[in-house]
Amino acid sequence: MKTLIILAHPDIEASRINKALKTAALESEVSMSELYEKYPDFSFDVKKEQELLVKHDKIILQFPCFWYSSPPLLKKYIDDIFEYGFAYGSSGTALKDKEFGLCVSFGAKEDELCEVSMCKRVEDIFIPFKCSFSFVGARFIKPFFIFDAQNLSDEDLKEKARAYRDYIKA
Ligand SMILES: Cc1cc2nc3c(=O)[nH]c(=O)nc-3n(C[C@H](O)[C@H](O)[C@H](O)COP(=O)(O)O)c2cc1C
């Protein structure tokens with residue numbers, strides 16, 4: 001199974017959590033596509049990105065939670081790359097049966113996120129992603145979350161990074 005990680009962090013150099021996860025992920029056999037590095041002008045090479053998706057079976061969208069959603073470039077990525085005729089429509093079957101997962105880091109604790117969002121489970125905050133994957137015939141796999149980012153000890157971050165590697169391989 002070929003795995004692609006689509007990383008959307010606007011400042012990966014200043015990141016602690018996503019940078020550590022990226023390093024851990026690269027120890028496995030994965031392709032890493034960093035959207036903010038490749039497209040600082042928010043203008044995608046649509047064909048190239050579609051070809052990259054086609055070549056992989058499992059796609060993980062990795063990002064820090066920004067305002068109960070993703071950073072804006074990832075939203076635009078889905079808008080632009082999941083085109084009619086590619087991802088949906090009678091001939092748009094390129095993403096059918098692929099696995100899509102989310103790897104999200106949060107500043108807040110799990111219970112705080114549930115309280116504010118009024119969701120029983122944190123993954124329900126990302127229902128728009130789940131609906132989009134379902135719409136294109138892809139399968140949503142269990143997400144990987146890291147909570148309370150600022151208070152996570154170095155030891156706990158190392159453990160999370162190990163768990164992320166296992167999540168990628170699973
Ligand atoms: C613009 C912005 C919006 C954010 N919104 C949220 C949010 O809605 N919920 C939350 O738990 N954390 C929020 N955060 C905190 C980030 O998710 C957190 O700092 C990040 O996941 C840490 O990962 P990093 O070390 O890779 O940057 C926000 C941070 C920024 C800069």
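The values are calculated or read from the model by the stated rules, or taken from the named source; none is laboratory data. All of these numbers come straight from a predicted model, not from anything done at the bench. We place every Cβ from the backbone using ideal geometry, glycine too, and count neighbours over all the protein chains shown.
Filtering region 145-156 down to residues that are free of Cβ contacts under 8 Å to residues at least 60 places away in the same chain and not in a loop (DSSP other than H, G, I, E, B), which residue is farthest from the ligand (Cβ to nearest atom)?
Checking each candidate, the answer is E155.
When only residues in region 126-170 that are loosely packed, with under 15 Cβ neighbours inside 10 Å and among the basic types (K, R) count, which is farthest from F86 (Cα to Cα)?
Within region 126-170, the match that is farthest from F86 (Cα to Cα) is K158.
Output yes when any residue across region 66-78 is among the β-branched types (V, I, T), in contact (Cβ under 8 Å) with a residue 12 or more places away in the chain, more than 16 Å from the ligand (Cβ to nearest atom) and touching a Lys or Arg at 6+ places or on another chain (Cβ under 9 Å), and no when none is.
Within region 66-78 (the criterion being among the β-branched types (V, I, T), in contact (Cβ under 8 Å) with a residue 12 or more places away in the chain, more than 16 Å from the ligand (Cβ to nearest atom) and touching a Lys or Arg at 6+ places or on another chain (Cβ under 9 Å)), the answer is no, since none of the residues qualifies.
Could you list, in sequence order, all residues of region 107-134 that are free of Cβ contacts under 8 Å to residues at least 12 places away in the same chain and of a type in the set (S, T, N, Q)?
S134
Taking E159, is it within 26 Å of E29 (Cα to Cα) and away from the ligand (no atom under 13 Å from the Cβ)?
yes
Among the residues of region 113-125, which ones are surrounded by 12 or more Cβ atoms within 10 Å (Cβ to Cβ), within 12 Å of the ligand (Cβ to nearest atom) and within 19 Å of F63 (Cβ to Cβ)?
L113, S117, V122, I125
Please enumerate the residues belonging to region 1-39 that are surrounded by 13 or more Cβ atoms within 10 Å (Cβ to Cβ), more than 16 Å from the ligand (Cβ to nearest atom) and in contact (Cβ under 8 Å) with a residue 40 or more places away in the chain.
Scanning region 1-39 gives T3, L4, S28, V30.
Where in region 1-86 are the helices (runs of 4 or more DSSP H), entirely inside, with at least 2 residues that are within 19 Å of I146 (Cα to Cα) and modelled with pLDDT of 95 or more?
It comes to 17-25.
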